[in-house]
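Working notes, beginning with the structure itself.
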There are 2 protein chains.
Amino acid sequence: MAEETGLVVCTTCRLPGADPAAPRDGARLSAALSAHGVAHLQQECLSACANGCAVVLRGPGRWTYVQGGLDPDLHLEDLIGMIRAYAAAPDGVVPWRTRPEVIRKNTIARIPPMEA
Amino acid sequence: MAEETGLVVCTTCRLPGADPAAPRDGARLSAALSAHGVAHLQQECLSACANGCAVVLRGPGRWTYVQGGLDPDLHLEDLIGMIRAYAAAPDGVVPWRTRPEVIRKNTIARIPPMEA
């Protein structure tokens with residue numbers, strides 16, 4: 001990925017209690033982001049299956065965040081807002097109070113910059 | 001970090017049910033790794049607090065793994081073995097069957113290489 005910041009979306013995630021016969025919630029999330037012009041890398045499984053839908057925010061010199069608990073029907077706007085805030089933060093650290101609640105409550109892991 | 005592969009160890013992790021007055025299990029894990037000559041970056045909190053002790057394996061061009069459930073008194077040998085296997089795998093993907101059980105059962109997240 002050549003972008004300064006990158007978003008990875010798990011396309012195989014299911015929300016807790018999802019109908020196994022229904023389309024994958026992660027694939028729906030990816031499609032909804034694309035429909036809003038949000039570039040991202042699709043990934044089959046981020047090994048965060050208990051916490052779907054899951055995405056990763058990352059970029060050179062930035063903190064990486066693994067985020068879960070994202071429902072494409074409820075949290076699309078919050079996620080897009082967070083993606084923009086992340087891109088605007090040089091180190092990737094968005095001030096805690098300005099993070100959407102679904103982001104604050106569902107951080108699966110954070111990883112310091114590789115270059116630090 | 002200049003190394004080809006990097007290990008990040010959370011020094012504030014506590015094992016589930018740990019005595020709040022006891023030394024942090026993550027700090028003990030870090031000290032035990034140092035005593036075995038295993039280089040690593042210390043990090044105060046990887047935001048994986050429900051799954052301590054947690055570490056991150058990463059490196060340029062490699063998959064990143066967030067691993068939890070590591071008890072410094074039980075899993076040090078398994079972790080060091082996994083660190084060596086990770087360093088020996090050019091893409092960071094250690095064959096599933098050769099991963100120690102504590103690694104197989106406690107992968108919190110995996111993230112594809114940034115350079116892919």
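The values are calculated or read from the model by the stated rules, or taken from the named source; none is laboratory data. As the structure is a computational prediction, the values presented were derived from the model and not from experiment. Glycine also receives a Cβ, built like all others from the backbone with ideal geometry; neighbour counts cover every protein chain displayed. The protein model used for the area step is the full one, side chains on, heavy atoms only, and it has no ligands, DNA or RNA in it. Shrake-Rupley method; radii C 1.70, N 1.55, O 1.52, S 1.80 Å.
Annotations
- Å² of accessible area per residue within region B:6-111, as computed with a 1.4 Å probe and no ligands counted: 45 Å²
- Neighbouring partner chain Cβ atoms per residue of B:100-111, average, 10 Å criterion: 4
- Remark: accessible area buried at the A-B interface is about 1900 Å², both chains counted, probe radius 1.4 Å.
- Across identical copies of the chain, B:P60 has label-point separations of 1.0 nm, listed in ascending order, with the point defined 7 angstrom from Cα along Cα→Cβ.
- Viscosity 1.002 mPa s, temperature 20 °C, Stokes-Einstein D of the protein assembly as shown from Kirkwood C-alpha radius, µm²/s: 118 µm²/s
- Residues whose amide H falls under 5 Å from that of B:I108, counting only those 5 or more places apart or on a different chain, are B:V66, B:Q67, B:G68, with hydrogens built in the peptide plane.
- Calculated FRET efficiency, A:K105 to B:A31, Cβ-Cβ distance, R0 = 35 Å: about 0.60 to the nearest 0.05.
- For B:S34, label point 7 Å along C-beta direction: distances to other copies, nm: 4.9
- Amide hydrogen proximity for A:G6: with H placed 1.01 Å from N in the peptide plane, the residues at 5 or more positions away or on another chain lying under 5 Å are A:R58, A:G59.
- Of interest is the spacing of the C-alpha centroids, which for region A:39-97 and region B:89-116 amounts to 21 Å.
- Share of carbon and sulfur in the accessible heavy-atom surface of the protein assembly as shown [1.4 Å probe, %]: 54 percent
- Residue-wise HN-Hα couplings along region B:45-60, as the Karplus relation 6.51 cos²θ - 1.76 cosθ + 1.60 with θ = phi - 60° gives them from phi, are 6, 9, 6, 10, 4, 6, 10, x, 6, 10, 9, 10, 10, 7, x, x Hz; Gly and Pro carry x.
- Chain A shape via C-alpha gyration tensor axes, a/c threshold 1.5: prolate
- Length-normalised contact order of region A:6-111 in % [C-alpha pairs under 8 Å, at least 6 apart]: 27 percent
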